[in-house]
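Notes for the one structure printed next.
The values are calculated or read from the model by the stated rules, or taken from the named source; none is laboratory data. From a predicted model like this one, the values you see are computed outputs, not experimental measurements. Using ideal geometry, Cβ is built from the backbone for each residue, glycine included, and neighbour counts are taken over all protein chains shown.
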């Protein structure tokens, strides 16, 4: 499980977008910024989608609570994701995400960023679900095996795409499955950082700069990975 942070609106995406409000604790089932092609597949749009993909065939939208992530190893074949993988890929902008490690004093959150602190984009999928008058656009984040840095906290991590891959990933006409699957790899560990932060982020009710404040050694109950 990981939460997201988007504290900087200067996204490395080659399209015009409105400034995004800072978010410090975006949790599953909440609305998350999503870059995708519009319905006519003519231009990129920046929309707000529910985090937790609801397959088109689902009878109950609550299934989305179990679909916040899609494993990169099976995303092209799993019934819940395979059609979206072919036609409805998206980017989810962020500049950090969180993971947790249990210490003697409780769960300690860690902020994971790129070394240069610049914003980035996760590989995601989106889906449109409708039942009668109720319609929901939702999304999921693709994960892969964690790199050597993140693996100290969790065995999985979200796929962070390189900017040169954005065009192919978003293009609904690009259907080279093998080429797309090759993009679903772990971001290099030597280009990322991990820092213990305030336990304020442990509650989804907290969404303020306090969530990303560095935690003291005393608060983290010892060293980073003891």
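Can you tell me which condition residue 128 does not meet? The list is (1) touching a residue at least 40 places away in the same chain (Cβ under 8 Å); (2) more than 26 Å from residue 199 (Cβ to Cβ); (3) surrounded by fewer than 20 Cβ atoms within 10 Å (Cβ to Cβ); (4) out of contact with any strand residue (DSSP E or B) (no Cβ under 7 Å at 6 or more places or on another chain), and all the others hold.
In the conditions (1) touching a residue at least 40 places away in the same chain (Cβ under 8 Å); (2) more than 26 Å from residue 199 (Cβ to Cβ); (3) surrounded by fewer than 20 Cβ atoms within 10 Å (Cβ to Cβ); (4) out of contact with any strand residue (DSSP E or B) (no Cβ under 7 Å at 6 or more places or on another chain), residue 128 misses (4) alone.
Residue-wise test of (1) surrounded by fewer than 17 Cβ atoms within 10 Å (Cβ to Cβ); (2) touching a strand residue (DSSP E or B) at 6+ places or on another chain (Cβ under 7 Å); (3) within 21 Å of residue 54 (Cα to Cα).
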site	(1), (2), (3)
148	yes, no, no
152	yes, no, no
156	no, yes, no
170	no, yes, yes
184	no, yes, no
188	yes, no, no
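Identify, please: which residue in segment 181-208 is in a helix (DSSP H, G or I), within 20 Å of residue 68 (Cα to Cα) and out of contact with any helix residue (DSSP H, G or I) (no Cβ under 7 Å at 6 or more places or on another chain) and is, among those, modelled with the highest pLDDT?
Restricting attention to segment 181-208, the residues satisfying the condition of being in a helix (DSSP H, G or I) are 181-182, 189-191, 199-202.
Still in the list and also within 20 Å of residue 68 (Cα to Cα): 181, 201-202.
In the following step, the residues that additionally are out of contact with any helix residue (DSSP H, G or I) (no Cβ under 7 Å at 6 or more places or on another chain) were identified as 181, 202.
Working: 181: 97, 202: 94.
Out of the qualifying residues, it is 181.
Would a scan of segment 124-133 turn up a residue that is in a loop (DSSP other than H, G, I, E, B) and farther than 17 Å from residue 26 by Cα? Give the steps one after another, and end with the answer.
First pass over segment 124-133, keeping only residues in a loop (DSSP other than H, G, I, E, B): 132-133.
In the following step, the residues that additionally are farther than 17 Å from residue 26 by Cα were identified as 132-133.
Within segment 124-133 (the criterion being in a loop (DSSP other than H, G, I, E, B) and farther than 17 Å from residue 26 by Cα), the answer is yes, since at least one residue qualifies.
Within segment 36-68, track down each residue that is farther than 15 Å from residue 84 by Cβ and in contact with a helix residue (DSSP H, G or I) (Cβ under 7 Å, 6 or more places away or on another chain).
Selection gives 44 alone.
For segment 89-104, enumerate the residues that are surrounded by fewer than 20 Cβ atoms within 10 Å (Cβ to Cβ) and out of contact with any helix residue (DSSP H, G or I) (no Cβ under 9 Å at 6 or more places or on another chain).
If the condition is that a residue be surrounded by fewer than 20 Cβ atoms within 10 Å (Cβ to Cβ) and out of contact with any helix residue (DSSP H, G or I) (no Cβ under 9 Å at 6 or more places or on another chain), then 102, 103, 104 are the ones that fit.
Got a sec? Which strands (runs of 3 or more DSSP E) wholly within segment 45-105 have at least 2 residues that are under 12 Å from the mean Cα position of the chain (by Cα) and within 30 Å of residue 215 (Cα to Cα)?
Working: elements: 69-71, 89-94, 96-103.
It comes to 89-94, 96-103.
More than 28 Å from residue 118 (Cα to Cα) and surrounded by fewer than 20 Cβ atoms within 10 Å (Cβ to Cβ): which single residue out of 63, 54 fits that description? Can you show your working first?
Numbers: 54 fails: surrounded by fewer than 20 Cβ atoms within 10 Å (Cβ to Cβ).
After ruling out the rest, the residue left standing is 63.
Please give the number of the condition residue 148 fails out of (1) under 26 Å from residue 65 (Cα atoms); (2) in contact with a helix residue (DSSP H, G or I) (Cβ under 6 Å, 6 or more places away or on another chain).
(1)
Identify the single condition in (1) over 17 Å from residue 25 (Cα atoms); (2) surrounded by fewer than 19 Cβ atoms within 10 Å (Cβ to Cβ); (3) modelled with pLDDT under 95 that residue 107 does not satisfy, given that it satisfies every other one.
Single failed check for residue 107: (1).
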